[in-house]
Structures are given as C-alpha cells and as structure tokens.
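Working notes, structure below.
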Amino acid sequence: MIEVEAKKPQESLQDRLAQVVELLQRHKLVEDLTHRQEGPHQDLVESLVHRQNLAELQRRLDELHPADVAHILEALPLDDRLTVWQLVKVERDGDILLEVSDAVRETLIADMDDHELLAAAREMDADELADLAPELPRDVVHELMESLDAQQRERVRSALSYEEDQVGALMDFEMVTIRDDVSLEVVLRYLRRLKELPGHTDKLFVVDYDGVLKGVLPIKRLLVNDPEKHVAEVMANDPVAFHPDENAYDAAQAFERYDLVSSPVVDKNGKLIGRLTIDEMVDLIREESESEVLSMAGLREEEDIFASVWKSVRNRWAWLAINLITAFVASRVIGLFEGSIERLVALAALMPIVAGIGGNSGNQTITMIVRAMALDQVGTGNTSRLLRKELGVSLINGLLWGGVIGVVAYLLYDSWSLGVVMTAAMTLNLLLAALMGVLIPMTLVKLGRDPAMGASVMITAMTDSGGFLIFLGLASIFLL
C-alpha cells in the first residue's frame, strides 16, 4: 500500500487523542442541547449542527497518520470508536485496519458491511491481505480472491499456507530484481523508469534467468560506484537470507543482530520468492513482547481495554481460578499453625514479609530466565548451571536481607530466637523462589508450552505457600 508521511510531528500522540476526544464531547454536548430545543426548525438546526461538528472531526482525522488514527481508535470506548470509524475515508480503511490491535480490529470489521470490507481490502498488497483474510467473513474472502489477478491470488494463497509464526506468513512480494551482467548505469536508468520503489528498499536483489538468488546490490554501493562497472563486480555475494518455513522470531532476532532493513526469502532451490522488511520485524517483536507480558500475568490473549464485561471475564477467569486454588492452599498452610500464631502473635505480623520477599525474588528470576529464553541465550540443556547460579544469588541475598529483617525482628520483639528464625526462613524461601524460578519456565518449554504462561501466578503461589510453611514450621519447632 502507499506509504503515508506522518504529519505534524511536533504534536504528541496524546495531544492528538485529546483533540479528538474534545471534539467528540463537544459534538455530544451540542447535540444534547439541540435536542432540548423546541421549535419549527429544530430538525434543520439539529442536522446542521450535527454535520458541522462531524465535518470538523473528519477534517482532523484526515490530517492524522493511519497509525495515529489506529491508536486513537484503541483508546476510545466502543460507541465513540465506531463514531470515529464511520468518519474515516474509505480509501484509508485498509491502512488503519492493519495498524490496530486484533481485538479492536474485530470490533471495526463487525461494524462494516461486505461492500466496505471489499473496498478496503482491494487497496492492500498480497502480504497485507494474507494478514487480514483470517478475520474477514468467508464470503468476503471468496469474492475478494475472485477479484484478484492470477499473480496476486497465488501470492495470497502462498502467504496463507504458512503458520503465522513462520517467515512465509510475513514476507513481502514487492521487490526490485536485477541481473548481474548489466552495468550500474543500466540499473539506474531502470530505477528511474519505475513510478516508485517498494517501501524499505535498501538493496536490490540479483537473480539469474531462473530467478535463483545470486546476491544483493545495496543502494549505497549503486550510488557511489562507477556507473560503468557491472553489478557482479560490486554486489554482495553472501546476503542474509531466510527460508519461508523458518521461525519468524528467529528472523526478527537476525534483523536486530545484523542491523538489516530488508532481506531475501528463498525456497529450498534458492529461488527468490519474497523478502522480509524491518517494519514487519518491529511489529513482530512488539507483539511477542506484549504476548509475553500477558502470558506472565495469566491472560490468554490480547484484550480490548473497552471490551464487554463478558469478554473480559472469559479472558481472565482461567488463571484467576488457579490463583484462587493456590490461595486456598496457602490459607490451609496457615491454618495448620493456628495454635502457634495464637501463642505468638508476632508470627502473624512477620509471615507476610517472608512470603512477599520470596515472591518478588522469584519473579525476578523467572523474568530473567524467560527473557534469556526469548533471546535464545539459554535452553533446557543448561538448566543445572542456571540453577546453581540462581541458588547462589538467592543464598547471598537471603543471608544479607534475612539478617537485616532478623535484627529488626529482634529490636521489635526483644527475641534473638525470633530474629534467627526470621533470617533462616527468609533464606530458605529465597532459595525456593530461585529453584521454582528456573524450573517453572524450563518445564513449560519441555512440555511445548510458552515459558511465560502464567509464570508469575505460579511462582507467587509457590513462594506464598512455601514461605508460610517454612516460617511457621521453623517458629513452631524452635520458638514454641
């Protein structure tokens, strides 16, 4: 699709959102006041005011970049969101649908009829259509495929044949190819005849007559070398290339590692079939990061912040139920020591400290492990080494901060034995937190699950129950 320049960079995104919200509120206020007026020309006045306010809002939306409009739509309640969406020009619908989150896109598509969906989709490239097609009604997809030419149809089918986490699902088909036996002057003349270059074109792809990739010609080499030289003399013969069935997140890491802007995608025979671009990789990294954060909190999927109550409940109930069970287990652990707590009330005041510090330490460990796994820095093969390192860190922290809180306990309750128990319980619970912080994500990976899935919920449950059991058990043995 045509790239749109960002407008008015001096305005922050929040300023633009505030302006749209203000226009919406003004529109509602004036409309409400007009409704209260009675007179022979009430309908005419109401119509004029309605059109005037919406026209001003539409003019403001037309000035914004599609990504900014997408952000505004995500930040508005459903009624206001649909009001704004109706004011967006048809030719911009496709750009904005590609920018909004999946949850918000669902609400926008539900508000569009088949004609509007087809008009928006026809403005998209093949790779963009493949992104949107799974969310469109089946009859719309069928009609859309029928309207495409043979090449576009084949490209869309090719992209849809891959899983969403594979390179083939993200590759772009718009690229410039050249031969290696032509001069740079010929290449420059060829580029000048093109109406425009595909977005993020930092290199040209050099292929033979069978379409097999032979190398790449970076634009900077094209510009600074003698026009009389041939492409074969200045091209790079060893470009970073990907296969369509490779993991897309591995490709994103390669883009970050090698500072790539675009890269070729080749089939098993080395034939050029597409390219990856930096914009898709940035989006992928952001989505992976958001998914990881949601998984650690026990959320099953991205949630529209203004979704209905029932949708939000369905998204959140599973891990809340698990958390309820673990909280009940922790309460029963405390119940086992009711007699001890009654005899020494200080235990009730101190035990949340042991559990809370353990939970914090466990979350630190599990966050570091999950991050390292996402960056392919660790795997299940070095679990024992990681475990030894994290246990060492927790032992030192436990003795240090456990000693501090032990001294505080002694000063508060004038009991050396209580201080020693506090230090020992803190150290043991931090060791438990380190153990669970390593084993939970490693076990999830071995089971083929996301290592971040519900990690923070599970580690908190472990350290709460374990902390209560350790502290109250030690207190019962050595103090009572």
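The values are calculated or read from the model by the stated rules, or taken from the named source; none is laboratory data. Here the structure is a predicted model, which means the values were calculated and not measured. Heads up, the Cβs are rebuilt from the backbone with ideal geometry, glycines too, and the neighbour counts pull from every protein chain shown. Keep in mind that these areas ignore ligands, DNA and RNA; they rest on the heavy atoms of the full protein, side chains included. Shrake-Rupley method; radii C 1.70, N 1.55, O 1.52, S 1.80 Å.
For the range 331-342, residues that are open to solvent by less than 100 Å² (accessible area, probe 1.4 Å) and either farther than 14 Å from Thr463 by Cα or modelled with pLDDT under 85 (or both) total 5.
Within the range 107-162, being in contact (Cβ under 8 Å) with a residue 60 or more places away in the chain and closer than 22 Å to Glu74 by Cα holds for Thr107, Met124, Glu128.
Taking every residue in the range 2-30 that is open to solvent by 60 Å² or more (accessible area, probe 1.4 Å) and among the small types (Gly, Ala, Ser) and pairing it with any residue that is modelled with pLDDT of 75 or more and in a loop (DSSP other than H, G, I, E, B), at least 6 positions away or on another chain, the pairs with Cβ-Cβ distances below 7 Å are Ala6/His65.
Within the range 186-202, the set of residues being in a loop (DSSP other than H, G, I, E, B), closer than 15 Å to Met235 by Cβ and without any contact (Cβ under 8 Å) to a residue 12 or more places away in the chain is empty.
In this structure, Gly215 qualifies as among the small types (Gly, Ala, Ser), surrounded by 14 or more Cβ atoms within 10 Å (Cβ to Cβ) and assigned to a strand (DSSP E or B).
Of Ile396, Ile470, Ile440, Ile459, all but one fail to be more than 24 Å from Leu347 (Cβ to Cβ) and crowded, with 19+ Cβ neighbours inside 10 Å; the exception is Ile440. Phe255 meets the conditions (1) of a type in the set (Phe, Trp, Tyr); (2) under 22 Å from the mean Cα position of the chain (by Cα); (3) open to solvent by 50 Å² or more (accessible area, probe 1.4 Å) in every case but one. The failed one is (3).
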